[in-house]
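> Sharing a structure, written as structure tokens. Questions coming.
The values are calculated or read from the model by the stated rules, or taken from the named source; none is laboratory data. A quick note: this is a predicted structure, and the numbers were derived from the prediction, not measured. All Cβ positions, glycine included, derive from the backbone under ideal geometry; neighbour counts span all protein chains shown. Just the protein is used for accessible areas: all its heavy atoms, side chains included, with ligands, DNA and RNA removed. Shrake-Rupley method; radii C 1.70, N 1.55, O 1.52, S 1.80 Å.
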Amino acid sequence: MATIFAWSGALRKRGELDQIPELMQFADCLEKASVKTIESGRMTKDLVALYEGEATGLNSDAFLDAIAQTMETL
């Protein structure tokens, strides 16, 4: 999650500097989808132990796929 938010923050800043609102919107959507994916109980295995409730531990690729699926619904 930290890496995703670091990249989304950098993308948002690049969008601001280059005046690309679509890039800023993408960064916001990526962050929202990441949080929503975790709130739905799908997360990387290292976060499962910290989560209170039912959770599915995913490897990194599956987690990124889950975030992409969530982004499609936003």
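> Report, to the nearest 10°, how far helix 21-39 tilts away from the longest principal axis of the Cα atoms in the chain, using its own Cα long axis and a range of 0 to 90°.
10
> Same structure, new question: At 7 Å along the Cα-to-beta-carbon direction for both E72 and K32, put a label point, then send me their distance in nm to one decimal.
So the two model labels end up 1.8 nm from each other.
> If you don't mind, there's one more thing I want to ask. Out of these labelled values of Rg and Dmax of the Cα atoms in Å, (i) 12.8, 40; (ii) 11.6, 41; (iii) 13.3, 42, which was calculated from the coordinates shown here?
Looking at Rg and Dmax of the Cα atoms in Å for this model, the match is (iii).
> Which aspartates and glutamates have a Cα less than 14 Å from the Cα of K32, not counting those fewer than 8 places away in the same chain?
E72
> Another question, if that's okay. Where a Cα-Cα gap under 19 Å defines reach, which lysines qualify for K45, not counting those fewer than 8 residues away within the same chain?
K36
> Separation between the S60 and D18 pseudo-spin-labels, each 7 Å from Cα along Cα→Cβ, expressed in nm?
Modelled inter-label distance: 2.4 nm.
> If you don't mind, there's one more thing I want to ask. If the only charges are +1 at each Lys and Arg Cβ and -1 at each Asp and Glu Cβ, what is the size of the charge dipole of the chain around the Cα centre, to the nearest 20 debye?
Magnitude of the dipole: close to 120 debye.
> For helix 2-18, what angle does its Cα long axis make with the longest principal axis of the chain, in degrees from 0 to 90 and rounded to 10?
That helix lies at roughly 10 degrees to the long axis.
> Can you list residues whose amide H is under 5 Å from L58's amide H, if they're 5+ apart or on another chain and H is modeled 1.01 Å from N?
For L58, the qualifying residues are M43, T44, K45.
> Mind ordering 49-62, 4-17, 31-44 by average Cβ neighbours within 10 Å, highest first?
31-44, 4-17, 49-62
> Next up: At 1.4 Å probe radius, can you tell me the per residue accessible area of the chain in Å²?
68
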